[in-house]
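Step one of this worksheet: look at the structure below.
The values are calculated or read from the model by the stated rules, or taken from the named source; none is laboratory data. Bear in mind the structure is a predicted one, so any value in this text is a computation, not a measurement. Here the Cβ positions follow ideal geometry from the backbone for every residue, glycine too, while neighbour counts run over all protein chains shown. Just the protein is used for accessible areas: all its heavy atoms, side chains included, with ligands, DNA and RNA removed. Shrake-Rupley method; radii C 1.70, N 1.55, O 1.52, S 1.80 Å.
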Amino acid sequence: AQKVTQAQTEISVVEKEDVTLDCVYETRDTTYYLFWYKQPPSGELVFLIRRNSFDEQNEISGRYSWNFQKSTSSFNFTITASQVVDSAVYFCALSAEYGNRDDKIIFGKGTRLHILP
Amino acid sequence: GAVVSQHPSRVICKSGTSVKIECRSLDFQATTMFWYRQFPKQSLMLMATSNEGSKATYEQGVEKDKFLINHASLTLSTLTVTSAHPEDSSFYICSALPYRGQPQHFGDGTRLSIL
């Protein structure tokens, strides 16, 4: 069975601090995808990253970076120099691959991030 | 980029009403679409997988007679909440699966409030 665990329910940091959101996953599939989404108060899901299980390279995009460790089944997300606009709920998610396409997405419970001015 | 349009964005209606939500892929064809539900301060939970031209596959615990899904074309899937009750009030969000190798694209969601 697939499962995504985000142990941090809520985090508050002061603006400009770095913050890391943890994500641990479980799957029996050899090929799978990992995601991070941002959900601001308006509700829409903002896609941040999709990572294939065979690609363990870390990724950096501006102030965002992701650390994929297959050995520990973790896919952590770090925001550097946080800003108030980063305040949102962040979901880590997992999907299997089915016929060379993504299957349904299993979401973690989310981490509510508050960036304090 | 791939765009998914979901309509309406917000619905408020009386208990017992049936409500239809549309999910359209605007610039790509999607043989598969997914419907998710999110209760306040909770995660997104998959309700069903919608396949064009065939019956939807529902997740365990989701009533297929309550949540009717129709995927009649490659760009449109609809979710109808029949005889809605206050406990059906939730945020419903769809996603569409585009070309091979591309991730799902989500609509902006529909906030349903049943009075």
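Report, by residue number, each residue of the stretch A:4-30 that is within 10 Å of A:Gly108 (Cα to Cα) and surrounded by 12 or more Cβ atoms within 10 Å (Cβ to Cβ). Steps first, answer last, please.
Just the residues of the stretch A:4-30 that are within 10 Å of A:Gly108 (Cα to Cα), to begin with: A:4-7, A:23-25.
Those that are within 10 Å of A:Gly108 (Cα to Cα) and surrounded by 12 or more Cβ atoms within 10 Å (Cβ to Cβ): A:Val4, A:Thr5, A:Gln6, A:Cys23, A:Val24, A:Tyr25.
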If you check B:Leu26 against the conditions, is it within 13 Å of chain A (Cβ to nearest Cβ) and over 11 Å from the mean Cα position of the chain (by Cα)? no
Considering only the stretch B:1-42, give the strands (runs of 3 or more DSSP E) lying wholly within it that have at least 1 residues that are open to solvent by 70 Å² or more (accessible area, probe 1.4 Å). B:4-7, B:10-13, B:19-25
Of everything in the stretch A:78-103 that's at pLDDT below 95 and open to solvent by 60 Å² or more (accessible area, probe 1.4 Å), which residue is nearest to the chain's Cα centre (by Cα)? A:Glu97
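Counting only residues that are more than 14 Å from chain B (Cβ to nearest Cβ) and in a loop (DSSP other than H, G, I, E, B), which one in the stretch A:54-64 is most open to solvent (accessible area, probe 1.4 Å)? Outline the logic, then answer.
Quick first cut of the stretch A:54-64, residues more than 14 Å from chain B (Cβ to nearest Cβ) only: A:56-64.
When the remaining residues are screened for being in a loop (DSSP other than H, G, I, E, B), the result is A:56-58, A:62-63.
On the way: A:Glu56: 90, A:Gln57: 134, A:Asn58: 94, A:Gly62: 73, A:Arg63: 66 Å².
Restricting to residues being more than 14 Å from chain B (Cβ to nearest Cβ) and in a loop (DSSP other than H, G, I, E, B), the top hit is A:Gln57.
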In the stretch B:79-115, residues that are open to solvent by 40 Å² or more (accessible area, probe 1.4 Å), under 13 Å from B:Lys14 (Cβ atoms) and part of a strand (DSSP E or B) total 0
Only residues that are charged (D, E, K, R), within 21 Å of B:Gln104 (Cβ to Cβ) and modelled with pLDDT under 95: list them for the stretch B:25-58, please. B:Asp27, B:Glu52, B:Lys55
All-but-one check, A:Asn67 against (1) assigned to a loop (DSSP other than H, G, I, E, B); (2) of a type outside the set (Ser, Thr, Tyr); (3) farther than 19 Å from B:Pro103 by Cβ, failing number (1)
Filtering the stretch B:30-46 down to residues that are at the interface with chain A (Cβ under 8 Å from one of its Cβ atoms), touching an Asp or Glu at 6+ places or on another chain (Cβ under 8 Å) and under 22 Å from B:Ala72 (Cβ atoms) yields B:Thr32, B:Leu46
For the stretch B:38-95, which residues satisfy the criterion of being under 18 Å from B:Gln6 (Cβ atoms) and among the hydroxyl-bearing types (Ser, Thr, Tyr)? B:Thr49, B:Ser50, B:Ser73, B:Thr75, B:Ser77, B:Thr78, B:Thr80, B:Ser89, B:Ser90, B:Tyr92, B:Ser95
